[in-house]
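Visitor: What follows is a single structure, and I will ask about it in a moment.
The values are calculated or read from the model by the stated rules, or taken from the named source; none is laboratory data. Source: prediction; values computed, not measured. Don't worry about glycine lacking a Cβ; one is built from the backbone with ideal geometry, like all the others, and counts go over all protein chains shown. Heads up: the accessible areas ignore ligands, DNA and RNA and are worked out on the full protein's heavy atoms, side chains in. Shrake-Rupley method; radii C 1.70, N 1.55, O 1.52, S 1.80 Å.
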Amino acid sequence: MRILVAEDDPRLLLQLSDALQAAGYAVDLADKGPDAEHLGLHSRPDAVVLDLGLPGRDGLSVLRRWRENGLDVPVIILTARGSWQDKVHGMDAGADDYLAKPFQMEELLARVRALLRRASGKAHPLITVGTVELDTRSCTVQADGRPVDLTPHEYRLLSALMHHAGSVLSRSELAEHLYEHDSDRDSNTIDVFIARLRRKLPEGFVTTVRGLGFRVGDAH
Ligand code: CA
């Protein structure tokens with residue numbers, strides 16, 4: 001899970017970063033409004049901690065622009081103590097929660113966990129095809145009730161196939177799920193990853209459809 005933290009107080013930014021990293025999140029940091037806006041739109045965070053008083057562009061404007069651009073990531077705003085106006089404006093601009101400064105780090109972590117839970121509840125967190133179960137929250141896979149140890153690439157490939165169970169995915173479609181936007185997409189390596197997946201999953205789980213690609217589950 002990836003958290004974006006936008007805060008211009010360097011000490012607080014460091015505390016937030018340390019606490020969130022210790023809690024197991026990948027953390028992106030911004031100390032100016034425009035940087036926060038850019039990172040929110042491009043680093044695909046799972047949740048955002050957003051200070052309202054940011055230099056360059058205030059947090060409310062950043063939040064409004066995210067929502068206008070269709071970014072529906074859960075956002076906790078950090079407000080000045082006692083400023084109910086900040087809270088109202090923040091919630092109106094699309095914030096999901098708020099915390100008044102100063103706050104206890106434990107409370108912030110609990111609120112982040114709650115937001116992430118709610119956000120993942122919207123999607124189907126568990127995908128089951130045959131005897132294989134893929135948990136999109138923990139990025140783990142079980143086959144026949146036993147955990148399957150996958151590399152990140154293998155997981156992404158299997159996740160793509162299971163999200164489209166019953167449909168054939170071509171090598172180039174799978175490559176799009178596998179690689180970052182700018183890296184080389186060599187669709188030949190797909191066969192290598194498919195072979196590795198097959199060794200780790202029940203026999204016959206991944207079907208080759210000649211000339212077209214690969215499929216899991218019964219054909220539609
Ligand atoms: Ca501030």
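Visitor: Give me the count of lysine pairs in the chain whose alpha carbons sit under 28 angstrom apart, restricted to pairs 8 or more positions apart or on different chains.
Guide: Total qualifying Lys-Lys pairs in the chain comes to 4.
Visitor: What is the Cα centroid distance between the stretch 138-173 and the stretch 62-127, reported in whole angstrom?
Guide: Using only Cα atoms to place each centre, the spacing works out to 31 Å.
Visitor: Now for a different question. Can you pull the accessible area of residue 200 for me, 1.4 Å probe, Å² to the nearest 10?
Guide: 80
Visitor: Now for a separate question. Which value, in Å² rounded to 10, gives the accessible area of residue 68 with a 1.4 Å probe and all protein chains present?
Guide: Taking all protein chains as shown, residue 68 has close to 140 Å².
Visitor: So which residue, out of 58, 35, 191, gets the largest mean-square fluctuation from a GNM of the chain using Cα contacts under 10 Å as springs?
Guide: So, out of 58, 35, 191, the one fluctuating most is 191.
Visitor: Can you list the HN-Hα couplings for the stretch 204-211, worked out from phi with the Karplus curve (6.51, -1.76, 1.60; θ = phi - 60°), rounded to whole Hz and with x for Gly and Pro?
Guide: x, 5, 9, 9, 8, 9, 3, x
Visitor: Based on the alpha-carbon gyration tensor of the stretch 1-121 and its eigenvalue square roots a ≥ b ≥ c, which shape applies: rounded if a/c is under 1.5, prolate if not and a/b is larger than b/c, or oblate?
Guide: Taking the square roots of the gyration eigenvalues as a ≥ b ≥ c, the stretch 1-121 is rounded.
Visitor: Would you look at the GNM of the chain, springs on alpha carbons closer than 10 Å, and say which of 17, 83, 61 moves the most?
Guide: Top of the fluctuation ranking is 83.
Visitor: Of all the accessible heavy-atom surface of the chain, with the other protein chains kept in place and a 1.4 Å probe, what percent is carbon and sulfur?
Guide: C and S fraction of accessible area: 48 percent.
Visitor: Using a 1.4 angstrom probe on the protein heavy atoms only, could you order 105, 162 from most to least accessible area?
Guide: Heavy-atom accessible area, descending, gives 105, 162.
Visitor: Give me the accessible area of residue 159, 1.4 Å probe, in Å² rounded to the nearest 10.
Guide: Accessible area, nearest 10 Å²: 20 Å².
Visitor: Could you give the dipole magnitude of the chain about its Cα centre, charging the beta-carbon of Lys and Arg +1 and that of Asp and Glu -1, in debye to the nearest 20?
Guide: With only Lys, Arg, Asp and Glu charged at Cβ, the dipole is about 520 debye.
Visitor: Apply the Karplus parameterisation 6.51 cos²θ - 1.76 cosθ + 1.60, with θ equal to phi minus 60°, to every residue of the stretch 191-202 and state each ³J(HN,Hα) to the nearest whole Hz, in sequence, with x for glycine and proline.
Guide: Result, rounded to whole Hz: 4, 5, 5, 4, 4, 5, 4, 4, 5, 9, 10, x.
Visitor: Provide the per residue accessible area, probe 1.4 Å, for the chain, rounded to a whole number of square angstrom.
Guide: So the chain comes to 55 Å² accessible per residue, rounded to a whole number.
Visitor: Then there's this: Take the alpha carbon gyration tensor of the stretch 46-173, find the square roots of its eigenvalues, order them as a ≥ b ≥ c, and report rounded if a/c is under 1.5; if not, report prolate when a/b exceeds b/c, else oblate.
Guide: Taking the square roots of the gyration eigenvalues as a ≥ b ≥ c, the stretch 46-173 is prolate.
Visitor: Given only helices, namely DSSP H runs of n ≥ 4 each adding -39500 (n - 2.57), what is the per-residue ellipticity at 222 nm of the chain, to the nearest 500 deg cm²/dmol?
Guide: Helices in the chain give a 222 nm mean residue ellipticity of -13000 deg cm²/dmol.
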